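Note sheet for the following structure.
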Amino acid sequence: MSTSSNPLRDAQDRRLPRIAGPSGLVIFGVTGDLSRKKLMPAVYDLANRGLLPPGFSLIGFARRDWENEDFAQIVHDAVKEHARTPFREEVWQQLVQGCRFVQGDFDDDVAFETLKSTIHELDAAQGTGGNFAFYLSVPPKFFPKVVQQLKKHGLAEQKKGGSWRRAVIEKPFGHDLASAQELNRIVHEVFPPEEVFRIDHYLGKETVQNILALRFANTLFEPIWNRSYVDHVQITMAEDIGIGGRAGYYDGIGAARDVIQNHLLQLLALTAMEEPASFEADALVAEKTKVLGAVRLPKDLGKETVRGQYAHGWQGGEEVVGYLEEDGIDPASKTDTYAAIKLEIDNRRWAGVPFYLRTGKRLGRRVTEIAVVFQRAPHSPFDHTATEELGQNALVIRVQPDEGVTMRFGSKVPGTSMEVRDVSMDFAYGESFTESSPEAYERLILDVLLGDANLFPRLREVELSWQILDPIEQYWESNGKPASYPAGTWGPIEADEMLARDGRSWRRP
Ligand code: BG6
């Protein structure tokens, strides 16, 4: 925790926001997309909400030949374009006081010495107290080099009872189980486990944290949250965008490694886990690892998994190229831009209930949701024609956009005859709350500065997730190639057939 805790603040008092103590953030890969679109704006939004200390400092580290002023201009433009909260000159003026740029390569010892002296300078000028988090927003192949350089130059040293140094590591954490373990070994040689924060930005989303509130703060849902009532669960993360300028990262990685290994399996864990003893990081991770450890892969990976690749098509009225025609993509690439898999969970609560996970680029629209689909009533006193239009009851957690929860059930159509049709009951964040939700990265950066690890996956979760995905990736590697689907549609027909074999169909979100 921060060195300066105020004895007059009661941590239980909700009127007092959680404010970071004296600290700073160093971003490696500061010229990248993530930094411009998410990290720098999130830092500003935190400052604007008064959640950063007055002397908060931001150091950018990159190869570009920039002066501090050039960097400040880049941060300024990124904030103006992408911040969630309104731009206020006085907030900006305060923030810019602590902005510094360090130019160099990751091999460059001189640059790391400059980084060190910049940190000392900021400690003196801004009162950052030696507390710095190092955010590795760089391609994974550079992770080892950067952490080793931090060690070599004495930048990762924790001072007993004094200042802290933390590492924040962007996904993907490895590309399979073995590489994740190796990466972890390297990082832990430099930073102690409690100072390593692995980012899965889905956990920073309000709607994802709300899964815990929905399930464990209410009595309504938990009694039916099991195999006696639930028919199956569908977890969808659909995007309308293609790969944009990310060919270098995406090709060879694919949809399953990019988002199923992390975001979707985390959603599955939160949906399926047992109630934790508390909301402390250890208690949460214990339940998440238990349920991830109980995940069972289908026997026939050829039938119960589907991968796809988008072809040329129309997206929102615009003609778009196929994946193989995108800039920087090998025209023979077998990388998946769509993946659907069926998983089961071997425990008393979920035995026999399939969890279908799907994700894709260039799908019909951008939507992430978890749909818990219930069984049909065991007996219907209505005649068949009365319930012809009745579907299965469902509870849908709308992660984004239109954040909220929908319950779908049957209701009598007003009139003289008995006819039951699906209706829905809706909770929308926009209608129930006046404040808009913070961006995931605001929450996560603040938590890093506070040393709060609840919303960060632990190594064991990452390992278990790779253990689930590795056999699927290996199967795909040696069997066939992705099925093609036109951009702007809902994926390959093979994915519809996969569910049809189980007598089910994908929801059209
Ligand atoms: C990232 C993936 O983790 O999540 C991207 O690497 C994806 O491919 C992004 O586009 C989507 O995030 P969000 O918050 O818009 O759902």
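Applying a DSSP loop filter and a limit of 15 other Cβ atoms within 10 Å to the GluC sites (Glu not before Pro) in region 37-129 leaves E67. Of H379, H153, the sequence from fewest to most neighbouring Cβ atoms within 10 angstrom is H379, H153. Taking the Cα-to-Cβ direction at Q73 and at F142 and moving 7 Å from each Cα, how far apart do the two end points lie in nm? For Q73 paired with F142, the spin-label model returns 2.2 nm. With neighbour counts taken as other beta-carbon atoms within 10 Å, the residues S432, S163, S179 rank, fewest first, as S432, S179, S163.
For D452 and E90, the FRET efficiency from 1/(1 + (r/R0)^6), where r spans their Cβ atoms and R0 equals 22 Å, is about 0.20. Where only DSSP H runs of four or more residues are counted, the chain gives -9000 deg cm²/dmol as its mean residue ellipticity at 222 nm, each run worth -39500 (n - 2.57).
In a DSSP loop and with at most 14 other Cβ atoms within 10 Å, the chymotrypsin sites (Phe, Trp or Tyr not before Pro) in region 426-509 are F433.
Under a point-charge model restricted to the Cβ atoms of Lys and Arg (+1) and Asp and Glu (-1), what is the dipole moment magnitude of region 440-509 relative to its Cα centre, in debye to the nearest 20?
On the way: 8 positive and 12 negative charges, 56 e Å.
The calculated dipole for region 440-509 is roughly 260 debye.
Once you have the Cα-Cα distance between E325 and N218, take 0.36 nm times their residue separation minus that, and quote the gain in nm to one decimal.
Computed gain between E325 and N218 is 33.6 nm.
When the inverse distances between all different Cα atoms of the chain are averaged and flipped, the Kirkwood radius reads 24.6 angstrom. Can you give the % of DSSP beta bridges in region 203-500 that are antiparallel, to the nearest 5? If I count the DSSP bridges inside region 203-500, around 80 percent turn out antiparallel.
Taking a straight line from the alpha carbon of K342, these lysines sit under 29 Å away, with near neighbours fewer than eight places off in the same chain left out: K171, K205, K288, K290, K299, K303, K334, K361, K481.
Taking the Cα centre of the chain as reference, the dipole from Cβ charges on Lys and Arg (+1) and Asp and Glu (-1) amounts to some 940 debye. Does region 14-170 come out rounded, prolate or oblate by the C-alpha gyration tensor, with a ≥ b ≥ c the root eigenvalues, rounded set by a/c under 1.5 and, if not, prolate when a/b is larger than b/c and oblate if not? Taking the square roots of the gyration eigenvalues as a ≥ b ≥ c, region 14-170 is oblate. Between R508 and K116, the FRET efficiency estimated from the beta carbon spacing at R0 = 45 angstrom works out to 0.25. Just want the answer: with Cβ charges of +1 for Lys and Arg and -1 for Asp and Glu, which residue in L214, V259, F433 is farthest toward the dipole's positive end in region 203-500? Of L214, V259, F433, it is L214.
If you place +1 on the Cβ of every Lys and Arg, -1 on the Cβ of every Asp and Glu, and leave all else neutral, what size is the dipole of region 14-170 about its Cα centre, to the nearest 20 Debye? Kindly include the intermediate steps, with their values, before the conclusion.
Details: 22 positive and 19 negative charges, 202 e Å.
So the magnitude is around 980 debye.
With both residues required to sit in the chain, DSSP beta bridges show an antiparallel share near 55%.
Expressed as a rounded percentage, what relative contact order does region 131-203 have, with Cα pairs under 8 Å and six or more residues apart? Please report the intermediate quantities before stating the final value.
On the way: 81 pairs, mean separation 27.6, N = 73.
The value is 38 percent.
Taking GluC sites (Glu not before Pro) across region 403-509, the ones in a DSSP loop with at most 14 further Cβ atoms lying within 10 angstrom of their Cβ are E435.
Bear in mind that the values in this text are calculations on the coordinates, not laboratory data. No experiment lies behind these values; they were computed from the predicted model shown. Backbone-built Cβ (ideal geometry, glycine too); neighbour counts: all protein chains shown.
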